[in-house]
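Chemist: Attaching a single structure in structure tokens format; questions to follow.
The values are calculated or read from the model by the stated rules, or taken from the named source; none is laboratory data. For clarity, every value in this text was computed on a predicted model and none was experimentally measured. Cβ: placed from backbone, ideal geometry, glycine included. Neighbour counts: every protein chain shown.
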Amino acid sequence: MVTSMTGYGRGEATARGITATVELRSVNSRFLEVSSRLPRTLNLRENEIKEILRRQVVRGKISVVVTVRAKQRRSRSSADQSGDGADVLPSAHGFEESAQAAGDH
């Protein structure tokens, strides 16, 4: 369990030409409050992302910002350039494992 309530972290993962960047900010607060800013393509995953945080943090005000960028291809089709970022969500679970390890120190 993470004990400090004030901090900042940024991580980036790339899979299949899609890069996702996650920024976490936390400040002291009596209760746990998680807010998120996600691309529309990840809105259905919002509760899953918040649940990962709730399992690791007891209190504090946490802000999560996720950005997803697709690598530009030389194809004319815009469908080839789109991605929903779901390929990089397993990296969020890697964050969860890292947070558990950090909390053990």
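Chemist: All but one of (1) surrounded by fewer than 13 Cβ atoms within 10 Å (Cβ to Cβ); (2) at pLDDT 90 or above; (3) over 11 Å from the mean Cα position of the chain (by Cα); (4) not hydrophobic (A, V, I, L, M, F, W, C) hold for residue 75; state the number of the condition that does not hold.
Modeler: Of everything listed in (1) surrounded by fewer than 13 Cβ atoms within 10 Å (Cβ to Cβ); (2) at pLDDT 90 or above; (3) over 11 Å from the mean Cα position of the chain (by Cα); (4) not hydrophobic (A, V, I, L, M, F, W, C), residue 75 misses just condition (2).
Chemist: If you go through region 27-49 one residue at a time, do you hit one that is within 25 Å of residue 71 (Cα to Cα) and in a strand (DSSP E or B)?
Modeler: yes
Chemist: Of all residues in region 1-22 being at pLDDT 90 or above and of a type in the set (Ser, Thr, Tyr), which is nearest to the chain's Cα centre (by Cα)?
Modeler: It comes out as 21.
Chemist: Continuing with this model, one more query. Quickly run through region 21-53 and pick out the residues that are closer than 13 Å to residue 5 by Cα and of a type in the set (Lys, Arg).
Modeler: Listed by number, the residues that qualify are 25, 30.
Chemist: I'm trying to understand the selection: among the residues of region 1-26, which are among the aliphatic types (A, V, I, L, M), in contact with a helix residue (DSSP H, G or I) (Cβ under 8 Å, 6 or more places away or on another chain) and either in a loop (DSSP other than H, G, I, E, B) or exposed (fewer than 13 other Cβ atoms within 10 Å of the Cβ) (or both)?
Modeler: Of everything in region 1-26, just one residue is among the aliphatic types (A, V, I, L, M), in contact with a helix residue (DSSP H, G or I) (Cβ under 8 Å, 6 or more places away or on another chain) and either in a loop (DSSP other than H, G, I, E, B) or exposed (fewer than 13 other Cβ atoms within 10 Å of the Cβ) (or both), namely 1.
Chemist: Go through region 27-38 and give me each residue that's loosely packed, with under 15 Cβ neighbours inside 10 Å and touching a Gly at 6+ places or on another chain (Cβ under 7 Å).
Modeler: Within region 27-38, 27, 28, 29 meet the criteria.
Chemist: Oh, and also: Could you identify the single residue in 25, 45, 37 that is at pLDDT 90 or above, touching a Phe, Trp or Tyr at 6+ places or on another chain (Cβ under 7 Å) and basic (Lys, Arg)?
Modeler: 25
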